[in-house]
Amino acid sequence: EKRVIEGESITIHADVYGNVVSRGGTVLLNSNLVGGSAHNADGNITVQGVASAAIIQTVKGEIRLARAEGCVISGTRVFVDHAVNCEIIGDDVVVRQAEGCAIAARRIEVESAGARKNTEMLLYVLQPDTKRIDEVMGQIGARVDEFIQVVAQRKAELQALTAQPEVR
């Protein structure tokens, strides 16, 4: 029907052929999502049936799907029992069985994978977020510079002492 349902914490018990847009909370689809989309700005999305030719996206939250076919899935954490010809991106992706999918994530866990007809299975491991490590490395570098200055001061003091005739 291609209708749009908007709100927060949405639960739908029937098949969805349109778009579900949530501003937060949990989106729970107890049946199928076919040809539509599910978007959540701040929360989780769960599809207990089949998601087919759908777009499923959450900005801050996790996505849990029983079966996905030909979907585009994007979330912080993504869990799929069976994915076929899907494109999945997230920070943490766990797929029990994947066929002909493209998966990109910082951490990928796939129990069983294989090609689907002429579509091969692709996995892309994204570079982890190293911002915190870079900050610590910068702090360590600054501390090393301080030690180098202290050592130079001590060497100058030592040379001044050894230059005195009474110390020789």
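The values are calculated or read from the model by the stated rules, or taken from the named source; none is laboratory data. Bear in mind the structure is a predicted one, so any value in this text is a computation, not a measurement. Virtual Cβ from ideal backbone geometry, glycine too; neighbours counted across all protein chains shown. Surface areas here come from the heavy atoms of the whole protein model, side chains and all, with no ligands, DNA or RNA. Shrake-Rupley method; radii C 1.70, N 1.55, O 1.52, S 1.80 Å.
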In segment 130-153, is there at least one residue being of a type outside the set (Ser, Thr, Tyr) and touching a strand residue (DSSP E or B) at 6+ places or on another chain (Cβ under 9 Å)?
-> no
Within segment 93-130, of all residues that are among the basic types (Lys, Arg) and at pLDDT below 85, the one farthest from ARG77 (Cα to Cα) is LYS117
Mind checking which residues of segment 9-60 are farther than 19 Å from ASN85 by Cα, outside any strand (DSSP E or B) and under 23 Å from the mean Cα position of the chain (by Cα)?
-> SER9, ARG23, GLY24, GLY25, THR26, ALA41, ASP42, GLY43, ASN44, VAL59, LYS60
Would you check if there is a residue in segment 129-141 being surrounded by 10 or more Cβ atoms within 10 Å (Cβ to Cβ) and touching a Lys or Arg at 6+ places or on another chain (Cβ under 9 Å)?
-> yes
Looking at segment 60-86, which of its residues are among the acidic types (Asp, Glu) and either more than 19 Å from ASN19 (Cβ to Cβ) or touching a residue at least 24 places away in the same chain (Cβ under 8 Å) (or both)?
-> GLU62, ASP81
Name the pairs: first residue in segment 153-168 and part of a helix (DSSP H, G or I), second residue of a type in the set (A, V, I, L, M) and modelled with pLDDT under 90, Cβ to Cβ under 8 Å, at least 6 apart or on different chains?
-> LEU161/VAL167
Output the number of residues of segment 97-128 satisfying the condition of being within 17 Å of ARG67 (Cβ to Cβ) and open to solvent by 100 Å² or more (accessible area, probe 1.4 Å).
-> 1
Name the pairs whose Cβ atoms lie under 7 Å apart, with the first residue in segment 88-107 and in contact (Cβ under 8 Å) with a residue 24 or more places away in the chain, the second among the aliphatic types (A, V, I, L, M) and part of a loop (DSSP other than H, G, I, E, B), and 6 or more positions between them or separate chains?
-> ALA105/LEU126
In segment 52-62, is there at least one residue being surrounded by fewer than 19 Cβ atoms within 10 Å (Cβ to Cβ), of a type in the set (A, V, I, L, M) and in contact with a Cys (Cβ under 8 Å, 6 or more places away or on another chain)?
-> yes
